[in-house]
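Below is one structure; the comments refer to it alone.
The values are calculated or read from the model by the stated rules, or taken from the named source; none is laboratory data. As the structure is a computational prediction, the values presented were derived from the model and not from experiment. Neighbour counts run over all protein chains shown; Cβ positions are idealised from the backbone, glycine included. Note: accessible area is taken over every heavy atom of the protein model, side chains too, but ligands, DNA and RNA are not part of it. Shrake-Rupley method; radii C 1.70, N 1.55, O 1.52, S 1.80 Å.
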Amino acid sequence: MPALQTTARRRRGRWIEEWDPEDERFWAERGERIAHRNLWFSILAEHIGFSVWTLWSVLVLFMGEEYGVDPAGMFFLVSVATLVGAVVRVPYTFAVARFGGRNWTVISASLLLLPTAAAWLVMEPGTSYTTFLLVAMLTGVGGGNFASSMTNINSFFPMRRKGWALGLNAGGGNVGVPVIQLVALLVIAVAGEGRPRVLLAVYAPLIVVAAACAWRYMDNLAPVTNDTGAARESVADGHTWIMSFLYIGTFGSFIGYSFAFGLVLQNQFDRTPLQAASVTFLGPLLGSLIRPVGGALADRWGGARITLATFAGMAAAAGIVVLASVRESLPVFLVGFIALFVLSGLGNGSTYKMIPGIYAAKAAAKGLAGEEAAAYARRLSGAGVGLIGAVGALGGLGINLAFRQSFESAGTGTGAFVSFLGFYAVCSLVTWAVYLRGGRRPAPPARQPRDGGRQPAYAGV
């Protein structure tokens, strides 16, 4: 690997000047090992980022009556964290090309110390609600880590491995949600409901470890240059906004439910903080672990097909939750709610596989081939994954605001779940109409069906 080592020494830090993962010889001899090393440490940093982003989903469990915050106020606290996490994903997406994937991972991981230290200072009765809001907003920086991590890892892997790699990267990051909930459960069980600072003391050193590992083991890719033209093209492309809409349905559901699950159990089913914490981790855990499966299934069967099946299942699960909510059946409610997590995890993997596939299909339709086609797909999907991730995360804000309104007006979450069911039905229709309805697939001539017939336009993405 002398060429890579020589060029790396000419620049400060770990820079790789040449990168072509679509070249099978390069991938086998050099690329795969480097890509996997960056993937594992990207997962570590993103994992901690997700934990910090969802910090307030568990801190509210420590906020008893002495804090003077009602259920609607708690839902709003987690909503502002979701909102900021969605917004910062846009600049985080382009920071990878500006600073380098390894360099930005170090910076973004280190920034997680700010909301953790701030929460340490304010988590006690008597603190104003405005102060809690400001500190909850700070945790949004953890949400940005996902966008930069996915943009970075997208550049390391060849098209044939993107579904698996992006699914594993995102799933490993998503696991940060149930892990912090499990740690909170342990803290509540051992130290009691009045000791939230113990939880924060656990995470501060982990943040330092994630930043140090990124500095020591990750790499920057010089070919991933800041390309504002790609960003403009991605924004102008209708598929970016269609996929953003679909990602609201998958990831927006995952993160929104992750923030809200414990509060719903406390306020609709009168669970104590300990009882709620003992259940809330299960849904995010299963949804996170199954995300790579969604990516792998999409690699094999096509992301559009898996996404359509996912939305159909989510609509059915939402129906079960509505029924359980009306009948006040906690066991049935838990089955339906956890099914929503699992299905959203599958959909997260399949939708993110669709993004590079769509741009690869567009490159083929333009008559591009080989490295020229791969470069086109890489530059647009790199911009697209961050923008789609940002808009999709706003779905979490919508879910928490819907719960806030539903509990404020009716005292239950039933109305919110009915609206979610309708939204999943619309997502199913959009997926079928845009990506699976008849039309000629834009692929190179050699890959056209032998009978020259028509087939779904993007069924393979």
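Determine, yes or no, whether residue 260 is within 18 Å of the chain's Cα centre (by Cα) and more than 24 Å from residue 182 (Cα to Cα). Considered against the rule, which asks whether it is within 18 Å of the chain's Cα centre (by Cα) and more than 24 Å from residue 182 (Cα to Cα), residue 260 comes out as no. Is it the case that residue 435 is crowded, with 24+ Cβ neighbours inside 10 Å, modelled with pLDDT of 85 or more and within 21 Å of residue 159 (Cα to Cα)? In short, yes. Scanning region 345-355 for any residue that is surrounded by fewer than 24 Cβ atoms within 10 Å (Cβ to Cβ) and among the small types (Gly, Ala, Ser) turns up nothing. No other residue among 152, 174 is under 24 Å from residue 355 (Cα atoms), modelled with pLDDT of 90 or more and surrounded by 24 or more Cβ atoms within 10 Å (Cβ to Cβ) apart from 152. Give the residue that is farthest from residue 45 (Cα to Cα), with candidates limited to residues of region 208-247 that are assigned to a loop (DSSP other than H, G, I, E, B) and at pLDDT 90 or above. Of everything passing the filter in region 208-247, 219 is farthest from residue 45 (Cα to Cα). For residue 138, the requirement of being open to solvent by 20 Å² or more (accessible area, probe 1.4 Å) and without any contact (Cβ under 8 Å) to a residue 60 or more places away in the chain is met.
Only one of the listed residues (375, 369, 339, 364) is surrounded by fewer than 24 Cβ atoms within 10 Å (Cβ to Cβ), without any contact (Cβ under 8 Å) to a residue 12 or more places away in the chain and either of a type outside the set (D, E, K, R) or under 22 Å from residue 309 (Cα atoms) (or both). That residue is 375.
No other residue among 304, 316, 312 is modelled with pLDDT of 90 or more, touching a strand residue (DSSP E or B) at 6+ places or on another chain (Cβ under 8 Å) and assigned to a helix (DSSP H, G or I) apart from 304. Among the conditions (1) in contact with an Asp or Glu (Cβ under 6 Å, 6 or more places away or on another chain); (2) crowded, with 23+ Cβ neighbours inside 10 Å; (3) of a type in the set (A, V, I, L, M), the only one that residue 277 does not satisfy is (1).
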